[in-house]
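Contents: one structure, followed by commentary.
Please treat every number below as a calculation from the coordinates, not as lab data. Bear in mind the structure is a predicted one, so any value in this text is a computation, not a measurement. When we count neighbours, we look across all protein chains shown, and the Cβ atoms used for this are built from the backbone with ideal geometry, even at glycine.
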Amino acid sequence: MDLSDRIGLIVQSTQQVRDLLRQQRIVVAFGQRATLCFAIAGPLGAAQVVGACTTAAETLERLASQQPDVLLCGDQLEEGCGIELVLAAKQRWPLLRTLLLVSGRPRPAQLKALIDVGCDGLLLDSTLGAGTASSAVATVCGGGIVVDRAIVALLRPQLGDGRPAAQPALSGREQEVLTLLARGDNNAEIAQQLVISIETVKSHLKSVLLKLSARGRTHAAVLALQLGLVDWPADPQGR
């Protein structure tokens, strides 16, 4: 893919992400050292990165010692597996924000396990376009969720048995909250959009999760997209 005509957009998106991440503490884990260096020098910035590792074991040690806000990693590591790393990290630190870039061919069962454990962002590198990765980083670090539509398609057989027997009867407000959730908005952004309190947003989300039989926010968003309860979010970055 020739992205030459989008260089300006990429640079602009990178600067916007840097501005958004000033208060975040981030650990980065990629098997390819060049990717690791580009991530630090690009959208993240050295001030926010408190760990940069190429193996799963080193990353877990860094997560334990630094207690960061966010883990950004790839599925391919020098030692260990990025998918297993995210699963272990989420089980140990449930509030840790995680974004996984998938470059190999993951099994649907692995992707389902990531959804079940509450992975906040899942992207296929083969579908990335100008600014997409930076936008995803900003969304996940801000408390939103990002799931590549190609991954939703791969998950369809795995999540089929977990769907509600019938279309859930969502209230108008629950529908609005679910739509914004699937778009990647965090609780504060949803509250601002709907002019309600964050506590009210949490109450509506709790009801939505029950009605969808969802195990978490990411699972709810994936089910909503599969069931046609919400439209696919517009992609301003042109992925």
- [ ] Any chance you could list the semi-axes, whole Å, largest first, of the equivalent ellipsoid that the Cα gyration tensor gives for segment 159-227, using √(5λ)?
- [x] 21, 11, 10
- [ ] Sort the following peptides by mean Cβ neighbour count (other Cβ atoms within 10 Å, averaged over residues), highest first: 59-65, 104-110, 82-88.
- [x] 82-88, 59-65, 104-110
TODO: Show which lysines lie in cross-link reach of Lys112 when reach means a straight Cα distance below 18 angstrom and same-chain residues fewer than eight apart are skipped.
DONE: Lys90
- [ ] Normalising by the residue count of segment 159-227, find the relative contact order in percent from Cα pairs under 8 Å and 6+ residues apart.
- [x] 41 percent
